[in-house]
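First comes the structure, then the notes that go with it.
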Amino acid sequence: MVGGGFGNIFKIPELKKRIYITLALLVVYRVGVHVPTPGIDGAALATFFAGKQGTLLGLFDMFSGGALERLSVFALGIMPYISASIILQLLTVTIPHLERLSKEGEQGRKKITQYTRYGTILLSIIQGFGISIGLESMSSPSGAPVVLHPGWAFRIMTVMTLTAGTAFIMWLGEQITERGIGNGISLIIYAGIIVRMPTAIGNTFRLLSTGEMGIFPVLILLVLMILVVAFIIYMEQGQRRIPVQYAKRVVGRKMYGGQSTHLPLKVNTSGVIPPIFASSIIMFPATIASFIAIPWMQSLASAMRPGNIVYESLYVGFIFFFCYFYTAVTFNPADVADNMKKQGGYIPGIRPGKRTADHIDRVLTRITLGGAIYVSAVCVLPSVLITKFNVPFYFGGTALLIVVGVAIDTIQQIESHMLTRHYEGFLKKQRV
């Protein structure tokens with residue numbers, strides 16, 4: 001580590017300030033998670049959510065950091081923003097206007113960000129209204145209604161509260177990105193997931209004290225967890241580097257180019273998008289069945305719960321599909337080959353143009369297969385641990401991918417700040 005390691009982080013005033021701002025804004029977010037939406041019976045809602053861990057509601061509650069279970073002002077979490085961002089990315093490929101904006105540099109990105117904000121508000125209004133309608137039909141197992149005073153006044157108030165909460169979270173994320181350290185949106189999701197760790201540790205110690213779990217299985221589980229985290233870090237940083245050579249060219253009296261470099265292709269190009277999409281689709285029947293008491297729907301929902309062979313098979317299939325689909329949407333080998341050709345670059349032994357695009361596409365297809373297998377293995381791991389080994393907490397899946405990915409990205413940004421500071425100090429010493 002440049003500059004003596006992480007022990008020097010708080011010796012750099014700007015970096016220290018950014019870390020303090022990030023922590024302060026994350027504290028504000030966690031406080032907001034505990035501020036309830038008016039008109040809700042909290043006890044009845046808690047008992048209703050007790051059996052929803054295998055449904056879409058449980059997935060959304062995980063991303064909201066428990067805010068949906070409490071129906072706080074941040075109940076929608078950052079999911080509307082993520083959904084709007086994904087929709088804009090998909091539309092960029094199909095709508096020429098958005099494609100032109102994505103290629104216009106900083107101004108184009110600002111315009112797309114503005115569209116994403118509008119989409120976030122629109123999705124928040126739609127989801128908030130749907131939640132308000134759904135809440136009015138909910139009741140606890142004892143029959144106590146969740147909504148104290150149902151009607152249009154409650155619906156409008158809920159929509160306004162939840163939409164304002166999502167807009168505020170979106171603003172917090174942007175402030176963290178701009179003034180703090182790391183990606184703000186990712187850190188907000190990270191904070192919501194990691195806050196559940198003390199509960200999992202407490203449950204494990206409780207089972208140890210009662211004798212339901214032995215010390216030897218816990219030690220094996222701890223070693224397995226360390227190995228899985230190390231494997232994820234290794235895979236998330238894994239790249240296939242395609243060598244690229246740039247030809248020499250003369251501009252005026254100067255000669256440019258001639259250097260050798262590489263084109264890095266990540267093993268997991270699509271990130272955590274495939275498991276999120278796959279979980280949303282596969283958990284939909286279980287979610288519908290929790291509201292509609294139809295026999296065939298109930299039997300379908302029971303077959304689509306985690307741990308069931310039908311669920312796991314479909315889950316892996318959807319992950320593979322979305323890994324290839326999202327990679328194809330976000331990475332265009334033809335554009336990469338075209339830009340490389342314009343800059344005088346070529347892959348040794350491969351002709352520029354279409355041959356280069358085909359070569360990149362072939363390599364990308366192969367490493368995406370490895371990435372899809374890796375993501376599927378991590379996402380199926382929780383079901384195996386819970387159903388086969390009676391692990392008392394959820395370890396693995398989308399949550400672990402997000403936690404490790406965000407941690408790696410944040411550490412890299414801290415290293416970048418320290419590296420910049422190191423070179424600035426070096427240059428100051430060399431001034432005459």
Requested in this report: Amide H neighbours of Ile242 under 5 Å, at least 5 residues apart or on other chains, H built in the peptide plane: list them.
Outcome: Leu263, Leu265
Report summary line: Most packed first (mean Cβ within 10 Å per residue), the peptides 203-215, 269-281 order as 269-281, 203-215
Report summary line: Rounded to 0.05, the calculated FRET efficiency for the beta carbons of Ile126 and Ser209 at R₀ = 41 Å is 0.30
Query raised in the report: Across segment 19-29, in residue order, what do the Karplus-derived ³J(HN,Hα) couplings come to in whole Hz, using 6.51 cos²θ - 1.76 cosθ + 1.60 with θ = phi - 60° and x for Gly and Pro?
Result: 5, 4, 4, 4, 5, 5, 5, 5, 5, 4, 4
Query raised in the report: Using the per-residue mean of other Cβ atoms lying within 10 Å as a proxy for protection, in what order, highest first, do the peptides 174-182, 92-100, 72-80 fall?
Result: 72-80, 174-182, 92-100
Query raised in the report: Can you run phi through the Karplus equation (6.51, -1.76, 1.60; θ = phi - 60°) for segment 317-323 and list ³J(HN,Hα) in whole Hz, with x for Gly and Pro?
Result: x, 5, 4, 4, 4, 6, 4
Report summary line: Applied in sequence order to segment 159-168, the curve 6.51 cos²θ - 1.76 cosθ + 1.60 (Karplus, θ = phi - 60°) yields integer Hz couplings, x standing for Gly and Pro, of 4, 5, 5, 5, 5, 4, x, 5, 4, 5
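Values in this text are rule-based calculations from the coordinates and carry no lab data. Computed from a predicted model, the values in this text were never measured in an experiment. Note that we place each Cβ from the backbone using ideal geometry, even for glycine, and neighbour counts take in every protein chain shown.
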